[in-house]
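Peer 1: Would you mind keeping the following structure in view while I ask a few things?
The values are calculated or read from the model by the stated rules, or taken from the named source; none is laboratory data. Keep in mind the model is a prediction, meaning the values are calculated, not measured. FYI the Cβ positions are ideal-geometry reconstructions off the backbone, even for glycines, and counts take in every protein chain you see.
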Amino acid sequence: MAGKFEVYKDGKGKHRFRLKAGNGQIIATGETYESMAACMNGIDSVRNHAAGAPVVDMTAQGMSARQGMSAKPMTKPMGKPMTKSAAKPMAKSMAKPAAKRKATVA
């Protein structure tokens with residue numbers, strides 16, 4: 001089963017989203033948004049930026065591993081990008097909610 005984004009309102013009535021793995025485990029949560037449109041833009045941003053994003057180690061261990069080097073954080077590639085054939089089922093399952101959306105907030 002593919003993962004999914006769940007959109008909900010928190011205890012203060014703000015819009016939020018969480019990304020769940022196929023087994024139902026929450027693997028990411030978004031910030032709070034004032035409107036549904038802004039929340040959907042947040043989901044789109046995760047979809048667009050996560051696949052190629054590097055992992056930046058900001059822990060003390062990561063920084064001390066670079067002894068004698070500049071204070072820039074270490075970056076590690078996340079692995080191979082998802083192939084088009086692997087991305088199609090996820091894109092297909094995510095396309096329906098996007099098509100039903102109204103105009104997004106800039």
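Peer 1: Of the residues that make up region 74-95, is at least one at pLDDT 90 or above and either assigned to a loop (DSSP other than H, G, I, E, B) or on the phi > 0 side of the Ramachandran plot (or both)?
Peer 2: Within region 74-95, none of the residues are at pLDDT 90 or above and either assigned to a loop (DSSP other than H, G, I, E, B) or on the phi > 0 side of the Ramachandran plot (or both).
Peer 1: To continue, here is another question. Any residue in region 4-16 that's over 13 Å from M36 (Cβ atoms) and touching a residue at least 40 places away in the same chain (Cβ under 8 Å): show its pairings with residues that are in a strand (DSSP E or B) and not hydroxyl-bearing (S, T, Y) at Cβ separation under 6 Å, as long as the two are six or more apart or on different chains.
Peer 2: K4/K20
Peer 1: Sticking with this one: Say we look at region 22-49 and pick out the residues that are in a loop (DSSP other than H, G, I, E, B) and of a type in the set (D, E); which of these is nearest to the chain's Cα centre (by Cα)?
Peer 2: E31
Peer 1: Here is a follow-up. Return a yes/no flag: does region 50-66 have any residue that is at pLDDT below 65, among the small types (G, A, S) and outside any strand (DSSP E or B).
Peer 2: Of the residues in region 50-66, the ones at pLDDT below 65 are 64-66.
Subset that is among the small types (G, A, S): 64-65.
Checking the rest, the ones that are also outside any strand (DSSP E or B) come to 64-65.
So far as region 50-66 goes, yes, one or more of its residues are at pLDDT below 65, among the small types (G, A, S) and outside any strand (DSSP E or B).
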